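Asks: Once you've had a glance at the structure underneath, I'll fire off some questions.
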Amino acid sequence: MSVGEAAIGATVHYGRAELVTLAMENGAPRFLDRRRVGLLDDGLPSAPYHHEALELDIGAATALVDRVRRSVAERAGAAVSGMLATWRVGMLILPASPYERLPDSLEEVLGSRPLTLAADGMLYREFLAQAASEAGMKVRRYPRRTNPALLAAEAMGVDVAEVRALIARFGREAGPPWRKDHKLAAAAALSVLGAGFVGRSPGAERRRGPAV
């Protein structure tokens, strides 16, 4: 059997990430791993920018955000190391952030409602991406508010229904829970592995089906 380099699809939430790892085996998608990883130490707030920091003076807010950032950076690095110790993973794919980066000034972030709404999600997403990049993995993004199942169908040259069937099969192999986050992560991984799918037919008509 020929198993190619694996890809991790990720969905990130406050304090955690859901990781689904897939590979191509002889041109067919193969489920390898599904795991939840904690990205925050106990006792720290999961949304420091948009909640706790807004109620503190700037000195205390800076100290709190710095503690959370250090914790997330360490946890993200450990999560990536754990995956690489188990699988030959070459790529992480996750949604793009709404901003390329946050301002260096915490006061500027806290003074903007759009930035504070985005900052906590970016905290987890960007540190996970950074940890993967520093470990030598490629990091790919797909556009926000884009259904990755559509991207997977395009990459594989198949109907979205076939992608959904594959993801359902992965769920049976993984066992419960197999929720929306896992399905999105699996679809994201398929979207970057799809070029290696031997059943792809680039000239075939593709229909846009319902979301995964």
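Asks: Looking at (1) out of contact with any helix residue (DSSP H, G or I) (no Cβ under 7 Å at 6 or more places or on another chain); (2) at pLDDT below 95, find the lone condition where Ala189 falls short.
Replies: (2) is the only condition that Ala189 fails.
Asks: Limited to the range 118-137, what total is found for residues that are touching a residue at least 12 places away in the same chain (Cβ under 8 Å) and within 14 Å of the chain's Cα centre (by Cα)?
Replies: The total comes to 13.
Asks: Looking at (1) part of a helix (DSSP H, G or I); (2) surrounded by 19 or more Cβ atoms within 10 Å (Cβ to Cβ), find the lone condition where Ala17 falls short.
Replies: Every listed condition holds for Ala17 apart from (1).
Asks: Has the range 34-57 got any residue that is within 16 Å of the chain's Cα centre (by Cα), at pLDDT 95 or above and of a type in the set (S, T, N, Q)?
Replies: No, there is no match, as no residue in the range 34-57 is within 16 Å of the chain's Cα centre (by Cα), at pLDDT 95 or above and of a type in the set (S, T, N, Q).
Asks: Of the residues Leu128, Leu94, Leu123, Leu32, only one is of a type in the set (A, V, I, L, M), crowded, with 20+ Cβ neighbours inside 10 Å, in contact with a Ser or Thr (Cβ under 6 Å, 6 or more places away or on another chain) and not in a loop (DSSP other than H, G, I, E, B); which?
Replies: So the residue among Leu128, Leu94, Leu123, Leu32 that is of a type in the set (A, V, I, L, M), crowded, with 20+ Cβ neighbours inside 10 Å, in contact with a Ser or Thr (Cβ under 6 Å, 6 or more places away or on another chain) and not in a loop (DSSP other than H, G, I, E, B) is Leu32.
Asks: Could you check, for the range 52-66, whether at least one of its residues is assigned to a loop (DSSP other than H, G, I, E, B), small (Gly, Ala, Ser) and free of Cβ contacts under 8 Å to residues at least 24 places away in the same chain?
Replies: no
Asks: Within the range 138-161, is even one residue outside any helix (DSSP H, G or I), among the aliphatic types (A, V, I, L, M), within 18 Å of Val20 (Cβ to Cβ) and free of Cβ contacts under 8 Å to residues at least 60 places away in the same chain?
Replies: Checked against the condition, which is being outside any helix (DSSP H, G or I), among the aliphatic types (A, V, I, L, M), within 18 Å of Val20 (Cβ to Cβ) and free of Cβ contacts under 8 Å to residues at least 60 places away in the same chain, the range 138-161 yields at least one hit.
Asks: Right, next: Kindly evaluate Gly9 against the criterion of being among the small types (Gly, Ala, Ser), on the phi > 0 side of the Ramachandran plot and surrounded by 15 or more Cβ atoms within 10 Å (Cβ to Cβ).
Replies: When the stated conditions are applied, Gly9 does not pass them.
Asks: If you don't mind, another one. Kindly establish whether Val65 is under 15 Å from Phe127 (Cα atoms) and at pLDDT 95 or above.
Replies: So Val65 passes the test.
Asks: Among (1) surrounded by 15 or more Cβ atoms within 10 Å (Cβ to Cβ); (2) more than 14 Å from the chain's Cα centre (by Cα), there is one condition Arg172 misses while meeting the rest; what is its number?
Replies: Exception for Arg172: condition (1).
Asks: If you scan the range 73-91, which residues turn out to be surrounded by 14 or more Cβ atoms within 10 Å (Cβ to Cβ) and more than 16 Å from the chain's Cα centre (by Cα)?
Replies: Once the filter is applied, which keeps residues that are surrounded by 14 or more Cβ atoms within 10 Å (Cβ to Cβ) and more than 16 Å from the chain's Cα centre (by Cα), the range 73-91 yields Glu74, Trp87.
Asks: Of all residues in the range 173-200, which are closer than 16 Å to Asp159 by Cα and part of a loop (DSSP other than H, G, I, E, B)?
Replies: Phe197, Val198, Gly199, Arg200 - these are the residues of the range 173-200 that are closer than 16 Å to Asp159 by Cα and part of a loop (DSSP other than H, G, I, E, B).
Asks: Against the condition modelled with pLDDT of 95 or more and either in a strand (DSSP E or B) or more than 24 Å from Pro95 (Cβ to Cβ) (or both), how does Leu22 come out, does it pass?
Replies: Spelling it out, Leu22 is indeed modelled with pLDDT of 95 or more and either in a strand (DSSP E or B) or more than 24 Å from Pro95 (Cβ to Cβ) (or both).
The values are calculated or read from the model by the stated rules, or taken from the named source; none is laboratory data. None of these values were measured; they are calculated from a predicted model. Because the Cβ atoms are built from the backbone with ideal geometry, glycine has one as well, and the counts that use them run over all protein chains shown.
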